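Written out below as structure tokens is the structure these notes cover.
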Amino acid sequence: MKKKLYIETYGCQMNVADSEVVASVMAERNFEISDNQEEADVVLVNTCSVRDNAEKRVWGRLRELNALKKSNKELKLGLIGCMAERIGDEMLEDKVVDIVAGPDAYRNLPYLYDKSIEGEDAINVELTIDETYDSIIPKRMNEGISGFVSITRGCNNFCTYCIVPYTRGRERSRDPKDILAEVRDMVKNGYKEVTLLGQNVDSYKWMPEGTTKPVRFHHLLELVAQESPTLRVRFSTPHPKDIKESVVKMIAKYPNICKHIHLPIQAGNDEVLKRMNRRYTVEWYQNRVEMIRKHIPECSITTDVFCGFCGETEEQFQGTLDMMKWVHYDTAFMFKYSERPGTYAAKKLEDDISEEVKGERLTRMIQLQSSLSIESNQSDIGKVVEVLVEKLSKKSSDELCGRSSQNKLVVFPKKDAQIGDYVRVKIERCTQTTLIGEMIEKIDAPSF
Ligand code: SAH
Ligand code: SF4
Ligand code: F3S
């Protein structure tokens, strides 16, 4: 009989992609995915360490999951992902979990499960320089419209605040052949959208054997876009220091590459950016935005930004607000600085901004972004956007929702459209988070 595996995923899109790799590895060894934690033989929690509150959530969840063991004595609880890498050894020692596997150790999971059954320590947190899970076709777990494909793993940038280079190890690119095989598999299974993932997609580089010309990110984008005109292509995350005109031109060239660039700014002041080791200036970032707008005037630009980094003065924080206004981001992920043990900032810089000031600055950022998002959505009223229909709207089963090329959520009355269709929608109203309109027609593929 097959054993049952329940996986829960926290953190970034890469973890979502990795959970699908894990599901595939486990399926090879007679495990099937279950959506019921009560009946599981093994529960794996794929975790994130990027901020302290991300870890706190997981701690809370692990307490709940441990309670399941009272009624299911055979249950094994596994910690995978970035927290496993960071503090998995302690958690195994304290018997909070039975299995620990870091981001490069997922092929090892069936073996680790067997060890835990035998009552032995089941841990592998070794980081490698070359694991990219090639030849594993991830087992997709969502509704089958939109999926992720990793193109690089790890990160070499060492932004001073960030834990990722420590939990994910060194950066490595995947063979384009394997990436395209995954994309083809998605197309074959009816997927309509793929998001290419890497911590810094612009540094993607693959040297095909016997050649001297590397495959760069813009080449890869083109190869993926050419796989199928009915497959929309997105990517995350470019780095402002590295984003190239060649990439932006490629986005402009192909109707099925979405007109959306998520360009994390982190802070809008040169001294703060320097302390963060971001390796660009405000002026450089502005120049990149101008370059994007020159080639793709309708491109949506969104960002990650955080306040309260070590030594951030009120004036420096104002620089961040000024930049948010200058770019006029369509949306933003906004955070308070959270010191991560082991990073350069934790060792060398003082976390000297009080929680109160961090909170107050975050509130001001959120307020500003709300008004920018509303203005951005209002400016879409009257326009026609192309939407990939993803699901029924939350509010009514007579309405569908999906995303525009610019990655905005669009809701409209269903008529004869179905999930997975491409449709043109004329925008009539909006809220801060949603565009609302009428469907004009169905189309075969993205066209602008
Ligand atoms: N590779 C991506 C980001 C990955 S982490 C990039 O370079 O843009 C996702 C986001 O979490 C970051 O963009 C940053 O805004 C935020 N972040 C990372 N470390 C943080 C920390 N210590 N405290 C608060 N936010 C952090
Ligand atoms: Fe972290 Fe910087 Fe790497 Fe992004 S680029 S993952 S912020 S170190
Ligand atoms: Fe979190 Fe690890 Fe992603 S720290 S953001 S899950 S790479």
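Within segment 81-98, can you find the residues that are outside any helix (DSSP H, G or I) and of a type in the set (Gly, Ala, Ser)? Talk me through it step by step, then tell me what you get.
First, the residues of segment 81-98 that are outside any helix (DSSP H, G or I): 81, 94-98.
Correct list: Gly81 only.
Is it the case that Asp18 is away from ligand 1 (no atom under 13 Å from the Cβ) and either acidic (Asp, Glu) or under 29 Å from Ile163 (Cβ atoms) (or both)?
Working: away from ligand 1 (no atom under 13 Å from the Cβ): yes; either acidic (Asp, Glu) or under 29 Å from Ile163 (Cβ atoms) (or both): yes.
Yes, satisfied.
For segment 8-34: of the residues being outside any helix (DSSP H, G or I), within 14 Å of ligand 3 (Cβ to nearest atom) and on the phi < 0 side of the Ramachandran plot, which is surrounded by the fewest Cβ atoms within 10 Å (Cβ to Cβ)? Lay out the reasoning, then the answer.
If we filter segment 8-34 for residues that are outside any helix (DSSP H, G or I), which is where we start, we get 8-12, 29-34.
Subset that is within 14 Å of ligand 3 (Cβ to nearest atom): 8-12.
Okay, now just the ones that are also on the phi < 0 side of the Ramachandran plot, so 8-10, 12.
Working: Glu8: 14, Thr9: 21, Tyr10: 21, Cys12: 20.
Once the filter is applied, the top-ranked residue is Glu8.
Which of the residues belonging to segment 262-293 are more than 17 Å from Cys310 (Cβ to Cβ) and either acidic (Asp, Glu) or not assigned by TED's automatic domain parsing to the domain that holds Gln369 (or both)?
Residues satisfying the conditions are Glu283, Glu290.
Please go through segment 81-111 and pick out each residue that is without any contact (Cβ under 8 Å) to a residue 60 or more places away in the chain and surrounded by fewer than 23 Cβ atoms within 10 Å (Cβ to Cβ).
Selection gives Ile87, Asp89, Glu90, Met91, Leu92, Glu93, Asp94, Lys95, Val96, Ala105, Asn108, Tyr111.
Residue by residue, here is whether (1) acidic (Asp, Glu); (2) in contact with a Leu (Cβ under 6 Å, 6 or more places away or on another chain) holds:
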| residue | (1), (2) |
| --- | --- |
| Lys358 | no, no |
| Gln367 | no, no |
| Asp380 | yes, yes |
| Glu390 | yes, no |
| Asp398 | yes, no |
| Gly402 | no, yes |
| Leu409 | no, no |
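I'm trying to understand the selection: among the residues of segment 293-346, which are in a helix (DSSP H, G or I), free of Cβ contacts under 8 Å to residues at least 60 places away in the same chain and within 16 Å of ligand 3 (Cβ to nearest atom)?
If the condition is that a residue be in a helix (DSSP H, G or I), free of Cβ contacts under 8 Å to residues at least 60 places away in the same chain and within 16 Å of ligand 3 (Cβ to nearest atom), then Ala346 is the only one that fits.
Can you work out which of the residues in segment 202-245 that are among the aliphatic types (A, V, I, L, M) and farther than 24 Å from Lys188 by Cβ is nearest to ligand 2 (Cβ to nearest atom)? Explain how you work it out, then say what you get.
Pass one, segment 202-245, residues among the aliphatic types (A, V, I, L, M): 207, 215, 220-221, 223-225, 231, 233, 243.
Now drop any that are not farther than 24 Å from Lys188 by Cβ, which leaves 207, 243.
Details: Met207: 22, Ile243: 12 Å.
Residue satisfying both the conditions and the ranking: Ile243.
Filter segment 399-443 down to the residues that are among the acidic types (Asp, Glu) and over 28 Å from the mean Cα position of the chain (by Cα), then identify the one that is surrounded by the fewest Cβ atoms within 10 Å (Cβ to Cβ). Lay out the reasoning, then the answer.
So the first thing to find is which residues in segment 399-443 are among the acidic types (Asp, Glu), and the list is 399, 416, 421, 428, 438, 441.
Now drop any that are not over 28 Å from the mean Cα position of the chain (by Cα), which leaves 416, 428, 438, 441.
Working: Asp416: 8, Glu428: 12, Glu438: 12, Glu441: 11.
Restricting to residues being among the acidic types (Asp, Glu) and over 28 Å from the mean Cα position of the chain (by Cα), the top hit is Asp416.
Restricting the search to segment 347-382, which residues are free of Cβ contacts under 8 Å to residues at least 12 places away in the same chain and in contact with a Lys or Arg (Cβ under 6 Å, 6 or more places away or on another chain)?
Residues satisfying the conditions do not exist here.
Here's a check for you: in segment 246-269, which residue that is of a type in the set (Gly, Ala, Ser) and crowded, with 22+ Cβ neighbours inside 10 Å is nearest to ligand 2 (Cβ to nearest atom)?
Initial filter on segment 246-269 (of a type in the set (Gly, Ala, Ser)): 246, 252, 267-268.
Those left that are additionally crowded, with 22+ Cβ neighbours inside 10 Å: 267-268.
Numbers: Ala267: 12, Gly268: 16 Å.
Across segment 246-269, the extreme among qualifying residues is Ala267.
I'd like to verify a number: residues in segment 219-237 that are over 25 Å from Val423 (Cβ atoms) and within 16 Å of ligand 3 (Cβ to nearest atom), how many?
Of the residues in segment 219-237, 1 are over 25 Å from Val423 (Cβ atoms) and within 16 Å of ligand 3 (Cβ to nearest atom).
Give me a count of the residues in segment 150-171 that are more than 8 Å from ligand 2 (Cβ to nearest atom), in contact with a strand residue (DSSP E or B) (Cβ under 7 Å, 6 or more places away or on another chain) and either within 20 Å of Pro341 (Cβ to Cβ) or not assigned by TED's automatic domain parsing to the domain that holds Trp206 (or both). Full working, then the answer.
Going residue by residue through segment 150-171, those that are more than 8 Å from ligand 2 (Cβ to nearest atom) are 150-154, 160, 166-167, 169-171.
Applying the additional criterion that residues be in contact with a strand residue (DSSP E or B) (Cβ under 7 Å, 6 or more places away or on another chain) yields 150-154, 171.
Add one more test, that the residue is either within 20 Å of Pro341 (Cβ to Cβ) or not assigned by TED's automatic domain parsing to the domain that holds Trp206 (or both), and what stays is 154.
Of the residues in segment 150-171, 1 are more than 8 Å from ligand 2 (Cβ to nearest atom), in contact with a strand residue (DSSP E or B) (Cβ under 7 Å, 6 or more places away or on another chain) and either within 20 Å of Pro341 (Cβ to Cβ) or not assigned by TED's automatic domain parsing to the domain that holds Trp206 (or both).
Does Ser404 satisfy the condition of being away from ligand 3 (no atom under 16 Å from the Cβ), within 24 Å of Gln432 (Cα to Cα) and outside the structural domain of Gln286 (by TED's automatic domain parsing)? Break it down stepwise before answering.
Working: away from ligand 3 (no atom under 16 Å from the Cβ): yes; within 24 Å of Gln432 (Cα to Cα): yes; outside the structural domain of Gln286 (by TED's automatic domain parsing): yes.
Answer is yes for this residue.
Being within 10 Å of ligand 3 (Cβ to nearest atom) and buried (at least 20 other Cβ atoms within 10 Å of the Cβ) is the filter here; which residues of segment 166-177 pass it?
From segment 166-177, those within 10 Å of ligand 3 (Cβ to nearest atom) are 166-168; that's our starting set.
Scanning segment 166-177 gives Thr167, Arg168.
Identify all residues within segment 59-70 that are touching a residue at least 12 places away in the same chain (Cβ under 8 Å) and either assigned by TED's automatic domain parsing to the domain that holds Cys162 or over 18 Å from Leu109 (Cβ atoms) (or both); write none if there are none.
As a first pass, look at segment 59-70 and keep what is touching a residue at least 12 places away in the same chain (Cβ under 8 Å): 61-62, 65-66, 68.
Correct list: Arg61, Asn66, Leu68.
The values are calculated or read from the model by the stated rules, or taken from the named source; none is laboratory data. Since the structure is predicted, the reported quantities are computational estimates derived from the model, not experimental observations. Cβ atoms come from the backbone with ideal geometry, glycine included; neighbour counts cover every protein chain shown.
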